[in-house]
2 protein chains.
Amino acid sequence: MDAAEGTPPQRLRTLPSRLTNQAAQTANRIVDQAFAQAGVRRYHYSLLATLEEYGPASQAALGRRTGIDRSDMVAIVNDLAERRLLERAPDLKDRRRNVITITAAGREQLAHLDRLVAAAQDEFLAALPAADRRNLIDLLTRVVDHHADRHG
Amino acid sequence: MDAAEGTPPQRLRTLPSRLTNQAAQTANRIVDQAFAQAGVRRYHYSLLATLEEYGPASQAALGRRTGIDRSDMVAIVNDLAERRLLERAPDLKDRRRNVITITAAGREQLAHLDRLVAAAQDEFLAALPAADRRNLIDLLTRVVDHHADRHG
DNA sequence: CAACCAATGTTGGTTGCACCAACGATACAC
DNA sequence: GTGTATCGTTGGTGCAACCAACATTGGTTG
């Protein structure tokens with residue numbers, strides 16, 4: 001079995017969109033596996049982190065910050081509410097909304113997930129020394145920010 | 001409507017795995033849209049490119065080069081065979097296999113797709129000057145290569 | 001040569017993510 | 001007050017990635 005039998009064509013090997021994709025797949029596999037230990041998914045972490053940094057908010061507002069669709073948010077909030085990591089309460093000022101608030105247990109879980117995430121990033125970027133990692137983050141940030149309007 | 005209402009939390013904003021993911025989503029949206037003009041998908045391009053660069057091969061071998069699963073390869077080859085962009089013939093030397101060969105029309109289509117892909121990359125990386133693009137490609141290549149064994 | 005193991009093409013799934021449409025309820029602007 | 005917009009919610013869609021199983025064929029080894 002030729003070891004080079006799996007080499008992709010030149011066209012694909014240096015194609016930025018494909019490289020980004022491959023890297024993302026690897027990253028997701030690593031991060032998902034780390035989170036699986038704690039029985040959570042990526043969006044759980046995103047939601048808890050947003051709640052902790054910005055305080056209580058409506059589901060729609062949380063969706064805007066995390067990039068999670070309103071309709072998907074429902075199930076995620078259900079999920080974390082069942083585990084008592086956050087609380088869902090009707091907003092008395094605006095009865096269309098729910099106010100979502102992180103609990104103490106939620107903060108503890110978040111701290112735990114922070115450690116898992118950090119380890120996962122380290123595994124993901126193991127090939128790069130610190131300076132290159134910062135460089136990569138900078139480049140990706142510029143690319144992402146440039147396409148900031150969600151559906152452009 | 002606060003313009004900063006969509007700002008993700010700090011934890012997520014610089015998280016390499018998430019940045020990579022966001023960039024990949026953007027790239028995919030742009031590339032998919034470009035390919036849609038030609039009525040093809042990403043894997044069609046991958047397959048045609050592999051065939052052109054490495055010559056005829058079995059479906060399984062093509063799967064190893066492109067990263068496409070054997071089972072998914074079947075439908076893709078069906079698709080491109082119907083459009084006469086490639087030909088599927090039984091391998092007389094090994095009757096388990098099919099030999100897949102790109103046609104002249106396939107090469108023409110590939111050349112067209114090459115142009116679409118190039119334009120899509122340019123749009124994807126519009127925020128970066130050429131030197132930074134090379135830098136990004138280099139960094140991503142190192143990350144991807146480091147995790148080269150598919151399911152590590 | 002017989003028995004076993006590996007590879008191939010194929011069918012038929014599953015899962016997760018991103019996304020969209022529609023609806024009733026509520027708030028707001030004119 | 002009438003229209004417009006937002007919110008939570010339900011119920012979808014499409015796509016990519018992946019897995020299991022099976023019949024056929026090839027290769028290896030006793």
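Annotations
- Single residue of segment A:61-120 satisfying the filter (within 11 Å of DNA strand C (Cβ to nearest atom), free of Cβ contacts under 8 Å to residues at least 24 places away in the same chain and β-branched (V, I, T)) that is farthest from A:A34 (Cα to Cα): A:V74
- Those helices (runs of 4 or more DSSP H) of segment B:66-147 in which 2 or more residues are within 14 Å of DNA strand D (Cβ to nearest atom) and more than 16 Å from the chain's Cα centre (by Cα) occupy B:70-82.
- Segment A:4-50: number of residues that are surrounded by fewer than 19 Cβ atoms within 10 Å (Cβ to Cβ) and either over 22 Å from the mean Cα position of the chain (by Cα) or facing chain B (nearest Cβ under 7 Å) (or both): 9
- Yes/no for B:L86 being surrounded by 14 or more Cβ atoms within 10 Å (Cβ to Cβ) and within 13 Å of another protein chain (Cβ to nearest Cβ): no
- Of all residues making up segment A:39-52, the number that are closer than 19 Å to B:N21 by Cβ and not in a loop (DSSP other than H, G, I, E, B): 9
- Residue check for A:A127: touching a helix residue (DSSP H, G or I) at 6+ places or on another chain (Cβ under 9 Å), over 17 Å from A:R42 (Cβ atoms), within 16 Å of DNA strand C (Cβ to nearest atom) and aliphatic (A, V, I, L, M): no
- Among (1) over 23 Å from A:A23 (Cα atoms); (2) within 14 Å of DNA strand D (Cβ to nearest atom) - the single one B:D32 does not satisfy: (1)
Every read-out reported here was derived from the displayed coordinates using simple, explicitly stated rules and does not represent laboratory data. Note that the coordinates shown come from a computational prediction; the quantities given were computed from them, not determined experimentally. Every residue, glycine among them, receives a Cβ derived from its backbone with ideal geometry; neighbour counts consider all protein chains shown.
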